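Engineer: The structure under discussion is supplied below as structure tokens; questions concerning it will follow.
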Amino acid sequence: MKISLYSSILFFALIGTLPLAAQKAERSTYPSPGALRPLQLPKVQEFRLGNGLPVYLIEKHDLPIVQMSFSFNAGSMFDPATMPGLASMTANMMNEGAGDRDALALAEEISFLGISLGAGAGRENLNVELFTPISKLREALPLLGDLILKPRFDAEELDRKRTESLVRLAQAHDEARIIASTAFNQMVYGKGHPYATPAGGTEASLKAMQVGDLQSFHREYITPANGFLVIAGDMTRAQAEAELGTLFRSWSGGMLKAKAIPDAPKPKGVQIYLIDKPDAAQSELRLGHPGVARSTPDYFPLEVMNTILGGSFTSRLNNNLREVHGYSYGAGSAFAQLKGKGLFLASSAVQSDASDKALAEFMKELNAIKDVTAEEVSKARNYQALGFPGNFESIEGIASQVANVISYNLADGYLNAYINELLKIQEADVERVAKTYVDPKNMVIVVVGDQAKIEPGIKALKLGKITILKKEDVLGPLPQIEE
């Protein structure tokens with residue numbers, strides 16, 4: 001796949017030319033955005049190392065720094081069914097010693113060089129990233145090579161990370177936000193779905209995890225055939241091929257990993273799950289249902305629609321629940337961006353005694369989004385268009401944007417056309433996707449709060465059947481942590 005980034009669009013807001021002292025403050029209306037003009041970015045060069053690893057290089061020589069971002073199909077969705085949390089633990093342990101350096105020595109060397117180097121796992125990918133001044137590249141590359149090729153997976157460090165993970169699991173039992181989000185994923189996707197498995201592991205899986213499990217996962221998934229590398233910054237193709245070709249000469253093999261992602265079942269009617277958290281001052285609310293894949297052809301109208309609904313500070317949801325009613329410090333909505341169908345989610349933390357009223361306002365806004373005004377659409381388009389160039393202000397941002405295009409297999413020229421595609425969106429497009437992808441009559445609602453105080457009011461709304469759950473139904477029993 002060839003990707004060209006030049007001809008992308010950048011904005012510049014036009015500013016009034018009167019002296020400040022001569023200008024009278026006018027806060028009743030927003031200033032209109034200024035003209036848009038092109039942003040020239042270097043094109044992406046695509047090549048492969050001798051071991052087959054795809055490399056995407058964006059040369060940017062204004063500063064002597066470089067970002068290298070590796071991405072592997074090795075996120076938590078690839079965890080074995082019997083060992084959730086393995087991808088996350090593997091990534092964490094890759095940071096805890098590599099090659100001849102134990103965890104402390106590796107951390108000290110990274111700090112001494114003034115670089116950033118580390119691994120982390122998400123739902124779909126396991127990523128390794130290096131940010132370094134060019135002056136430290138020769139010292140940084142061996143550390144990068146060791147972290148990818150020779151993680152130590154020391155048993156003592158695994159015991160320490162295991163305990164940390166168990167402590168986080170225990171702490172989650174007191175975090176209404178985590179309980180609500182975990183329950184929402186489970187209730188929409190169903191337990192066992194690749195997007196709903198506990199990415200941090202369970203008490204049973206964490207206690208069963210051994211060094212050999214991490215080594216096997218690393219050997220199977222961290223291969224040149226199962227990933228790609230994006231480089232952005234002060235480096236030429238010749239330099240990249242020479243430096244990385246030597247560094248990764250012995251790294252070979254593997255297969256591209258893929259996993260079928262079943263669609264989540266569409267809820268039938270409104271299904272409410274109430275999880276008791278006695279004496280909670282606030283209630284955590286989650287409302288939504290299955291959404292769309294990142295590759296949806298309706299991505300741009302959905303971006304504009306969601307900006308109006310809950311994707312900005314001035315959105316309808318935030319204005320309603322925060323500014324008008326004062327039920328919350330903030331409310332919003334989002335479409336999760338994944339290779340398979342993600343979630344549509346509206347959420348907030350609200351005052352406990354306003355839980356039912358806040359739910360009613362959520363439902364009101366979810367129904368009302370089917371009708372929008374030309375002014376709302378124009379503001380939302382501009383909000384998204386003016387914010388997009390900020391993604392390219394740093395080499396980390398550039399690398400991230402290119403990695404998204406590759407990971408989600410988006411069209412050639414996608415980034416070039418991004419702003420133009422946004423600016424094409426009209427009222428009819430927004431109303432069409434709102435009617436298609438937001439369905440308040442068939443959704444999952446999760447409420448975590450003081451059941452004794454909030455259940456009567458929620459029942460009185462008559463939105464749908466209420467199922468009472470315990471937090472243990474969602475998170476499992478409170479972990480037993482050995483001293």
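Engineer: From the list Leu338, Leu285, Leu345, Leu302, pick out the single residue that is in the same structural domain as Glu421 (by TED's automatic domain parsing), part of a helix (DSSP H, G or I) and buried (at least 19 other Cβ atoms within 10 Å of the Cβ).
Structural biologist: After ruling out the rest, the residue left standing is Leu302.
Engineer: Among the listed residues Leu143, Leu137, identify the single one that is farther than 21 Å from Pro84 by Cα and either in a loop (DSSP other than H, G, I, E, B) or out of contact with any Gly (no Cβ under 9 Å at 6 or more places or on another chain) (or both).
Structural biologist: Result: Leu137 is the single residue among Leu143, Leu137 that is farther than 21 Å from Pro84 by Cα and either in a loop (DSSP other than H, G, I, E, B) or out of contact with any Gly (no Cβ under 9 Å at 6 or more places or on another chain) (or both).
Engineer: Can you tell me which residues in the stretch 211-243 are surrounded by 14 or more Cβ atoms within 10 Å (Cβ to Cβ) and either assigned to a loop (DSSP other than H, G, I, E, B) or outside the structural domain of Val66 (by TED's automatic domain parsing) (or both)? So that I can check it myself, show each step before the final result.
Structural biologist: Residues of the stretch 211-243 surrounded by 14 or more Cβ atoms within 10 Å (Cβ to Cβ): 211, 213-218, 220-235, 237, 239-241, 243.
Answer for the stretch 211-243, where residues must be surrounded by 14 or more Cβ atoms within 10 Å (Cβ to Cβ) and either assigned to a loop (DSSP other than H, G, I, E, B) or outside the structural domain of Val66 (by TED's automatic domain parsing) (or both): Ile222, Thr223, Asp234, Met235.
Engineer: When you look at Ser333, is it assigned by TED's automatic domain parsing to the domain that holds Asp371, part of a strand (DSSP E or B) and surrounded by 21 or more Cβ atoms within 10 Å (Cβ to Cβ), yes or no?
Structural biologist: For Ser333, the condition - assigned by TED's automatic domain parsing to the domain that holds Asp371, part of a strand (DSSP E or B) and surrounded by 21 or more Cβ atoms within 10 Å (Cβ to Cβ) - is met.
Engineer: Quick check on Ile261: is it within 30 Å of Ser355 (Cβ to Cβ), surrounded by 12 or more Cβ atoms within 10 Å (Cβ to Cβ) and of a type in the set (A, V, I, L, M, F, W, C)?
Structural biologist: no
Engineer: Looking at Gly457, is it more than 26 Å from Lys357 (Cα to Cα) and surrounded by fewer than 18 Cβ atoms within 10 Å (Cβ to Cβ)? First the steps, then the outcome.
Structural biologist: Numbers: more than 26 Å from Lys357 (Cα to Cα): no; surrounded by fewer than 18 Cβ atoms within 10 Å (Cβ to Cβ): yes.
Judged against the criteria, Gly457 is not a match.
Engineer: Report, by residue number, each residue of the stretch 62-107 that is touching a residue at least 24 places away in the same chain (Cβ under 8 Å), assigned to a helix (DSSP H, G or I) and surrounded by fewer than 19 Cβ atoms within 10 Å (Cβ to Cβ).
Structural biologist: Within the stretch 62-107, just Ala103 meets the criteria.
Engineer: On to the next question. Looking at Ala434, Ala452 in this structure, which one is exposed (fewer than 14 other Cβ atoms within 10 Å of the Cβ), of a type in the set (A, V, I, L, M, F, W, C) and touching a residue at least 24 places away in the same chain (Cβ under 8 Å)?
Structural biologist: Being exposed (fewer than 14 other Cβ atoms within 10 Å of the Cβ), of a type in the set (A, V, I, L, M, F, W, C) and touching a residue at least 24 places away in the same chain (Cβ under 8 Å) holds for just one of Ala434, Ala452, which is Ala452.
The values are calculated or read from the model by the stated rules, or taken from the named source; none is laboratory data. As the structure is a computational prediction, the values presented were derived from the model and not from experiment. For neighbour counting, all protein chains shown are included, and Cβ atoms are generated from backbone atoms with ideal geometry for every residue, glycine included.
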